[in-house]
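See structure below.
The values are calculated or read from the model by the stated rules, or taken from the named source; none is laboratory data. Since the model is a prediction, treat every value here as computed from it, not as a measurement. Positions of Cβ are generated from backbone atoms using ideal geometry, with glycine treated the same way; all protein chains shown enter the neighbour counts.
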Amino acid sequence: MNAATKLGVYVLGLAVVFGGALGAGNAVGTAGSAPGPARQPAHATPAADGHGDHGTAKGDTPGGLQVSENGYTLSPLTTVEAGEPADFRFTVTGPDGRPVTDYQVQHDKKLHFIVVSRDLASFQHLHPVLGADGVWSVPLTLKEPGAYRAFADFVPAGGSGLTLGADLLVAGKYAPRAPAPVSRAATVDDYTVYLRGDLVPGQASKLTLSVSKDDRPVTDLQRYLGAYGHLVALRGGDLAYLHVHPEDGATAGPEITFHAQVPSGGEYRLFLDFQHEGKVRTAAFTARAVSVRQAIQSDGHDHTH
Ligand SMILES: [Cu+2]
């Protein structure tokens, strides 16, 4: 149920934005503003989504790679033990050094908290609760020892969207899993999700995900956090974080279309969260960002927008 799917892509076609860090995005609502200091992009949001006011980042650094940015710092307060349910606590401190207590809601929540294992084999998308003192808390279980990355994706009141990342280290004997191979199909429970389109470095590209259950297309997807799907992309090697949302005109399935822009070549792990029959599931793919020429040869899609 913690599936989340937001990863890294940002939507350009619609104005979207997320990405400043990827170098190009103008966030909705800030389009036309002059380039500012490097900021981190949070989610990209289609304007039609009604909450496309995140800040856009204009910089060279993708989201999630820094524990501190623009004066905001993510501070985990809890040590997690393998297999032990924890009340995980953390703060985000602001430029004044105090825990931030005032956030803008984005996608129905004040903060989205993503925890992945560094080998990208596990993924959780959680929604912590904010205390009056600015301390966030959320039940968290990390089943296995190892290295994890936690991402806090939020918009401080009056500020720009940020995704801060911090390592969580869980003691114990640990065997990293091999990266999942590139694939255009992912299975979760009785569902299969197919991926069309390619990630193209530095360019907005269209990704279409089709959801079927027991080989039948699903046409009654439910909105989850305001959208029919949430896609998170993490770059292999450093877990740069991208969060993409569906393009305008979304229907309840079977297809969900995103525009994503990745900052470089290489492999990305994509996590799609979707809700059907009252349950949120996550489908995960490994995709390789390819050059425009390769992409056209492989599927003929137009990757320019
Ligand atoms: Cu969330």
Original post:
Counting only residues that are over 18 Å from Phe151 (Cβ atoms) and among the β-branched types (Val, Ile, Thr), which one in the stretch 225-279 is surrounded by the most Cβ atoms within 10 Å (Cβ to Cβ)?
Top reply: Ile256
**OP:** Please indicate, with yes or no, whether at least one residue in the stretch 161-177 is assigned to a loop (DSSP other than H, G, I, E, B) and within 20 Å of His243 (Cα to Cα).
**Re:** yes
Original post:
If you take the residues of the stretch 101-126 that are in a loop (DSSP other than H, G, I, E, B) and touching a Phe, Trp or Tyr at 6+ places or on another chain (Cβ under 7 Å), which of them is farthest from Gly226 (Cα to Cα)?
Top reply: Arg118
Original post:
Of all residues in the stretch 241-262, which are out of contact with any strand residue (DSSP E or B) (no Cβ under 7 Å at 6 or more places or on another chain) and either among the hydrophobic types (A, V, I, L, M, F, W, C) or at pLDDT 90 or above (or both)?
Top reply: Ala252
Original post:
If Thr251 passes every condition in (1) touching a residue at least 40 places away in the same chain (Cβ under 8 Å); (2) more than 16 Å from the ligand (Cβ to nearest atom) but one, which one does it miss?
Top reply: (1)
Subject >> Pairs where the first residue, in the stretch 222-245, is among the polar types (S, T, N, Q) and the second is part of a loop (DSSP other than H, G, I, E, B) and surrounded by fewer than 24 Cβ atoms within 10 Å (Cβ to Cβ), C-beta under 8 Å, 6+ apart >> reply: Gln222/Tyr228; Gln222/Ala252; Gln222/Glu277; Gln222/Gly278
Original post:
Can you find a residue in the stretch 146-160 that is part of a strand (DSSP E or B), touching a Pro at 6+ places or on another chain (Cβ under 6 Å) and surrounded by fewer than 21 Cβ atoms within 10 Å (Cβ to Cβ)?
Top reply: no
Subject >> Boolean, Ser205 is modelled with pLDDT under 95, farther than 23 Å from Leu270 by Cβ and touching a His at 6+ places or on another chain (Cβ under 8 Å) >> reply: no
Original post:
Is it the case that some residue within the stretch 175-194 is surrounded by 20 or more Cβ atoms within 10 Å (Cβ to Cβ), over 21 Å from Asp273 (Cβ atoms) and away from the ligand (no atom under 16 Å from the Cβ)?
Top reply: no
Original post:
Across the stretch 209-221, what is the total count of residues that are farther than 16 Å from Tyr268 by Cβ and either basic (Lys, Arg) or in contact (Cβ under 8 Å) with a residue 40 or more places away in the chain (or both)?
Top reply: 8
Original post:
Any residue in the stretch 67-75 that is touching a Lys or Arg at 6+ places or on another chain (Cβ under 9 Å) and away from the ligand (no atom under 16 Å from the Cβ)?
Top reply: yes
Original post:
If you check Phe154, Phe113, which single one turns out to be free of Cβ contacts under 8 Å to residues at least 60 places away in the same chain and within 16 Å of the ligand (Cβ to nearest atom)?
Top reply: Phe113
Original post:
Of the conditions (1) out of contact with any Pro (no Cβ under 9 Å at 6 or more places or on another chain); (2) surrounded by fewer than 17 Cβ atoms within 10 Å (Cβ to Cβ); (3) among the β-branched types (Val, Ile, Thr); (4) within 27 Å of Gly237 (Cα to Cα), Val116 fails just one. Which one is it?
Top reply: (2)
